[in-house]
């Protein structure tokens, strides 16, 4: 994603039409983040991992003991 940001900055200095391209790229990036879901991996009743998924694609694994993992688990507990 950082490559897209760098390319957009270079294109903006090259021509005004490139601004539209960078805006379209930003909108596409925003749409991709909307599809993110979290799945817990449990073993013997304990959460051992949190999977960040985009559709059917595994993006990353989050440790439930990390600060981010704890925040995600708290959100699920308060929502349920």
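At pLDDT 50 or above and in a strand (DSSP E or B): which single residue out of 59, 72 fits that description?
59
Six or more apart or on different chains, Cβ atoms under 8 Å: show the pairs whose first residue is in region 60-80 and in the same structural domain as residue 42 (by TED's automatic domain parsing) and more than 11 Å from residue 49 (Cβ to Cβ) and whose second is surrounded by fewer than 10 Cβ atoms within 10 Å (Cβ to Cβ) and at pLDDT 95 or above.
Listed pairs, sorted by first residue: none to list.
The values are calculated or read from the model by the stated rules, or taken from the named source; none is laboratory data. Computed from a predicted model, the values in this text were never measured in an experiment. Every residue, glycine among them, receives a Cβ derived from its backbone with ideal geometry; neighbour counts consider all protein chains shown.
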